[in-house]
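Here is the structure we will look at.
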2 protein chains.
Amino acid sequence: VPVSWTNSGVDLHLELPPGRGRRAALESALREAIRDGRLVAGAPLPASRVLATQLGVSRGVVVEAYAQLVAEGYLRSRPGAVTEIAQAPGLPQPATPRPHPEPKWAADLRFGRPDLSAFPRQAWVRALRRAMVETPHVELGPGDPRGSRQLREQLAGYLGRVRGVVTTPAQIVVCSGFSQGLRLACEALGGMGISSVGLEDPCLPDHRAVAAAAGLAVVPVEVDRDGARPPTGAAPSAFVLGPAHQAPLGATLATHRRIEFATRVTDTGGFLIEDDYDAEFRFDSRPVGALQGLAPESVLYIGTASKSLAPGLRLGWMVVPPALLDAVVEAKRRADRGTDVFTQLAFAQLVRSGDFDRHVRRMRQVYRRRRDAVLAVLASRGPAWDVLGIAAGLHVVAVLPDGISEDDVFAAAAKQSLALTTLRPFWHGEPQLRGIVVGYGTPYEHDYAEALTRFGRVIDALR
Amino acid sequence: VPVSWTNSGVDLHLELPPGRGRRAALESALREAIRDGRLVAGAPLPASRVLATQLGVSRGVVVEAYAQLVAEGYLRSRPGAVTEIAQAPGLPQPATPRPHPEPKWAADLRFGRPDLSAFPRQAWVRALRRAMVETPHVELGPGDPRGSRQLREQLAGYLGRVRGVVTTPAQIVVCSGFSQGLRLACEALGGMGISSVGLEDPCLPDHRAVAAAAGLAVVPVEVDRDGARPPTGAAPSAFVLGPAHQAPLGATLATHRRIEFATRVTDTGGFLIEDDYDAEFRFDSRPVGALQGLAPESVLYIGTASKSLAPGLRLGWMVVPPALLDAVVEAKRRADRGTDVFTQLAFAQLVRSGDFDRHVRRMRQVYRRRRDAVLAVLASRGPAWDVLGIAAGLHVVAVLPDGISEDDVFAAAAKQSLALTTLRPFWHGEPQLRGIVVGYGTPYEHDYAEALTRFGRVIDALR
């Protein structure tokens, strides 16, 4: 018969084995729970009086069982304190955080992360507190799979204002980061009878995995300095593109190609999925509006807070063309029924208060300075480096001169204990270009100078 | 050429059409953005000086364009204040929340929700603030798809203590609610070559949809008062079961059936998915441990904060047997790369502080009183009602006597403006039983008496 109890701070669950005295049964159940690790060292036990009442035994039974297990070393009891599980040798110890398995680097310039130390923690807590004061109870329930109405209204205004996206809140689906957005989009394409999707080559390896997991065949699409090249001949009717800042090469999709892709999918009944992952951080004087504004009926736009705030938020947003909306909403419902409401409400408040715009503006200056510093390191070291994708984002690509391999880069970086990313894993097949993907967003602000110093030494070593 | 600007509070984006004067181009771009709804009424425009600098035009151009659009009614300008988008007739107005499309009920006793007004908002904000003070920056980054180590440690301790689950933090995967957990589990089963899964009949309709979305064929499994009945003959090697409190019938899976299911999947290399959705709220004196504790190698346990806190959190946890762990982690990575870290950290802090246990204990008393009140309403009205699943959870099932249909129930409930759930949608095919699923968790505390009064009138009307 299972028995559970509650004391002042904790609920516990035990099963007293039948067929012997209650004291022996209680001792045995406690021993087993401790050996199994279900009760770990330091966990308090209920007061004997409380437990006795709940088990329906005399208090003496519990007192004696505790005393016996103290004697055996399973429990520890100090006068005036609760009885607790002991740190006895041979018993399971509380789990301690295992060190992260990856090597410890002295500095990190890898691709893909913003400066996590810059996350506006106070503003975020403030926004959540405000949202918690203002939000009706019903919003904490299972709601619209598209997400909080409040957030979708903020996003419709924000994306129109900042990115030239043409939408209404009804077409917005809040998702758990870019990856989920891509997954849902691919599932919706599959539901429309589309069986393959063109992905830029190179692109993020995760995108290939996500498209494949959704059951789509992946077709590589060549990329040059004008961005993705519309394929000639037979080709998929759906593409994932990064028009503002192709990941990782950093090209901006040329206007004639925007039009060509948009025309192609309109003609074939296909769709473009627009990856607008780091558009907040554009440094040149010619910001590039979202491709979505050119063809709102054919472009499914996806943005994310992973670069502007933190990947750990797992917050993204999709602007879905009417023809795909039902399928995307249904895919979202079946994936997880909706994204965390609390995070949505806090982010809506952050946008409404202007704190988000202020944070983005401040970080744009920070990242611009960091980019300039990377370029200065490269410029000061001949031979002249070809650097791609400098107009925006959190990384640049330094193309390797002939005769230098990516393995040479890793060898030099290892000597400097500097973590770096290269182009290799981004290619679908054979690399067409070798290069270092320098992620200048990754270091914390106070670590950046040191990271650059080490980067400079790596570049020196490659000459 | 696209142009964007930044003023004190907002980032804006516009494209000035080429081929005419700058003033006309600016006017045209602003008009179009306002007509499209990208700039909505009340949105401020940058100071003319600021915009002029950023556009590289003289200030006079901007001043004149603004004046023209004020004259046309697009903009509004007051002395000493910023120029802003006007509320002119015929222009898109700011989106206002549309009324929820469903009818407004005077009272709601539907299945599936906890009392959202009882969510511990202050404790939650306090927990997040504490977590934000203590969490190293690196935890805000893209992390382990299994979730925050801190939370997994808390969960391992909590689930061992309260539910008799045998696990280590390494086997725990934090997910975005039960639905996602089920989806990931089904994807992992598919990856093991398992092509069909047994689902209890009746069960939540969403579970059928989620299993199907993951590509599994769904096989109904009969349920009686001892819970799910192990099928005879050929049967799938994987099952989703609610051993503690079958949804919706509320049976507790009998011990001999627990053993039979566990033995069957062990023998066939299959798995059980344990749905432990409302186990925190058990009212009788015989709490039922998790099935997982009986067969940790074969049972994938899923729990959720949707009933104990709020569905809007989208927070759940899986305890994954070693044979499925890699596949589940990979499925999670491809679904969304991980669950919202901020919510995980706040919940870990809520458990650590004891606030979660206190909240659950308090709500257990609340729901127990509510359940007793439902039973009293039914007991006071003959003929004797057969009521199922009273030992736990947030609902009971009142079996309809012969001669009363579920349509009769809806008709009577509509007259009372009372929202109710019946058994019908839970069955895979033909209903084997008709009944009202009374969700006593749904009303807010101060609405509960009124809801019960209306429920009593519905029962009266059915006689």
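Among the numbered criteria (1) over 30 Å from residue B:372 (Cα atoms); (2) surrounded by fewer than 18 Cβ atoms within 10 Å (Cβ to Cβ); (3) of a type in the set (S, T, N, Q), which one does residue B:255 miss?
(1)
Scan region A:302-332 residue by residue and report those that are more than 8 Å from chain B (Cβ to nearest Cβ) and of a type in the set (D, E, K, R).
If the condition is that a residue be more than 8 Å from chain B (Cβ to nearest Cβ) and of a type in the set (D, E, K, R), then A:307, A:326, A:330, A:332 are the ones that fit.
So which residues in region B:36-76 are away from chain A (no Cβ under 13 Å) and of a type in the set (D, E, K, R), if there are any at all?
Answer for region B:36-76, where residues must be away from chain A (no Cβ under 13 Å) and of a type in the set (D, E, K, R): B:49, B:59, B:64, B:72, B:76.
Can you find, within region B:201-236, the residue that is nearest to the other protein chains (Cβ to nearest Cβ) among those that are farther than 21 Å from residue A:214 by Cβ and of a type in the set (D, E, K, R)?
Once the filter is applied, the top-ranked residue is B:226.
Mind checking whether some residue in region B:101-112 is assigned to a loop (DSSP other than H, G, I, E, B), at pLDDT below 95, facing chain A (nearest Cβ under 8 Å) and within 29 Å of residue B:360 (Cα to Cα)?
yes
Might you check whether a residue that is under 27 Å from residue B:346 (Cβ atoms), of a type in the set (Gly, Ala, Ser) and touching a Phe, Trp or Tyr at 6+ places or on another chain (Cβ under 7 Å) occurs anywhere in region B:278-296?
Yes - at least one qualifying residue is present in region B:278-296.
Tell me the residue from B:198, B:191, B:164 that is within 11 Å of chain A (Cβ to nearest Cβ) and over 17 Å from residue B:319 (Cβ atoms), please. Steps first, answer last, please.
Values: B:198 fails: within 11 Å of chain A (Cβ to nearest Cβ); B:164 fails: over 17 Å from residue B:319 (Cβ atoms).
Selected residue: B:191, the only one of B:198, B:191, B:164 that is within 11 Å of chain A (Cβ to nearest Cβ) and over 17 Å from residue B:319 (Cβ atoms).
Within region B:247-261, track down each residue that is of a type in the set (Ser, Thr, Tyr) and part of a loop (DSSP other than H, G, I, E, B).
Of all residues in region B:247-261, those of a type in the set (Ser, Thr, Tyr) come to B:252, B:255.
B:252, the sole residue that qualifies.
Is it true that some residue in region B:144-154 is modelled with pLDDT of 95 or more, facing chain A (nearest Cβ under 7 Å) and over 30 Å from residue A:445 (Cβ atoms)?
Yes, region B:144-154 contains a residue that is modelled with pLDDT of 95 or more, facing chain A (nearest Cβ under 7 Å) and over 30 Å from residue A:445 (Cβ atoms).
Within region A:7-35, track down each residue that is modelled with pLDDT under 75 and more than 14 Å from every other protein chain (Cβ to nearest Cβ).
A:19, A:20
Considering every residue within region B:132-143, establish whether at least one is in contact with a His (Cβ under 8 Å, 6 or more places away or on another chain) and more than 8 Å from chain A (Cβ to nearest Cβ). Even if it seems obvious, please write down each step before you answer.
Going through region B:132-143, the residues in contact with a His (Cβ under 8 Å, 6 or more places away or on another chain) turn out to be none.
Checked region B:132-143: no residue is in contact with a His (Cβ under 8 Å, 6 or more places away or on another chain) and more than 8 Å from chain A (Cβ to nearest Cβ).
Which count do you get for residues in region B:222-246 that are without any contact (Cβ under 8 Å) to a residue 60 or more places away in the chain and not in a strand (DSSP E or B)?
12
From A:183, A:129, grab the single residue that is of a type in the set (Lys, Arg), crowded, with 24+ Cβ neighbours inside 10 Å, in a helix (DSSP H, G or I) and within 9 Å of chain B (Cβ to nearest Cβ).
Working: A:129 fails: crowded, with 24+ Cβ neighbours inside 10 Å.
None of the others qualify; the one that does is A:183.
Residue under question is residue B:461, and the condition is that it be in contact (Cβ under 8 Å) with a residue 12 or more places away in the chain, under 18 Å from residue B:250 (Cβ atoms) and either part of a helix (DSSP H, G or I) or charged (D, E, K, R) (or both); does it hold?
On the way: in contact (Cβ under 8 Å) with a residue 12 or more places away in the chain: yes; under 18 Å from residue B:250 (Cβ atoms): no; either part of a helix (DSSP H, G or I) or charged (D, E, K, R) (or both): yes.
Answer is no for this residue.
I'm told residue B:141 meets every condition in (1) closer than 21 Å to residue A:336 by Cβ; (2) touching a Gly at 6+ places or on another chain (Cβ under 7 Å); (3) among the small types (Gly, Ala, Ser) except one. Can you identify the failing condition by its number?
The number of the failed condition is (1).
Does region B:259-274 include one or more residues that are over 30 Å from residue A:137 (Cβ atoms), in contact (Cβ under 8 Å) with a residue 60 or more places away in the chain, aliphatic (A, V, I, L, M) and touching a Lys or Arg at 6+ places or on another chain (Cβ under 9 Å)?
For region B:259-274, residues over 30 Å from residue A:137 (Cβ atoms), in contact (Cβ under 8 Å) with a residue 60 or more places away in the chain, aliphatic (A, V, I, L, M) and touching a Lys or Arg at 6+ places or on another chain (Cβ under 9 Å): absent.
Quick one: which of A:381, A:424, A:454 is free of Cβ contacts under 8 Å to residues at least 24 places away in the same chain, among the basic types (Lys, Arg) and closer than 27 Å to residue A:282 by Cα? First the steps, then the outcome.
Details: A:381 fails: free of Cβ contacts under 8 Å to residues at least 24 places away in the same chain; A:454 fails: free of Cβ contacts under 8 Å to residues at least 24 places away in the same chain.
Going through A:381, A:424, A:454 in turn, just one is free of Cβ contacts under 8 Å to residues at least 24 places away in the same chain, among the basic types (Lys, Arg) and closer than 27 Å to residue A:282 by Cα: A:424.
Can you find, within region B:410-463, the residue that is nearest to residue B:370 (Cα to Cα) among those that are buried (at least 16 other Cβ atoms within 10 Å of the Cβ), under 26 Å from the mean Cα position of the chain (by Cα) and among the polar types (S, T, N, Q)?
Out of the qualifying residues, it is B:442.
If I filter region B:132-173 down to residues being among the charged types (D, E, K, R) and crowded, with 19+ Cβ neighbours inside 10 Å, which single residue comes out as nearest to residue B:293 (Cα to Cα)? It would help to see each step written out before you state the result.
The initial filter retains those residues of region B:132-173 that are among the charged types (D, E, K, R), namely B:134, B:139, B:144, B:146, B:149, B:152-153, B:161, B:163.
Next cut, crowded, with 19+ Cβ neighbours inside 10 Å only: B:139, B:146, B:149, B:152-153, B:161, B:163.
Working: B:139: 31, B:146: 21, B:149: 22, B:152: 18, B:153: 18, B:161: 12, B:163: 8 Å.
Here the answer is B:163.
Restricting to region A:122-152, name every residue that is free of Cβ contacts under 8 Å to residues at least 24 places away in the same chain and β-branched (Val, Ile, Thr).
Passing the criteria: A:125, A:133, A:138.
Can you tell me which condition residue A:284 does not meet? The list is (1) in a helix (DSSP H, G or I); (2) of a type in the set (Asp, Glu); (3) in contact (Cβ under 8 Å) with a residue 60 or more places away in the chain, and all the others hold.
(1)
The values are calculated or read from the model by the stated rules, or taken from the named source; none is laboratory data. The structure presented is a predicted model; accordingly, all values stated were derived computationally and were not measured. Note: ideal-geometry Cβ built from the backbone for every residue, glycine included; neighbour counts use all protein chains shown.
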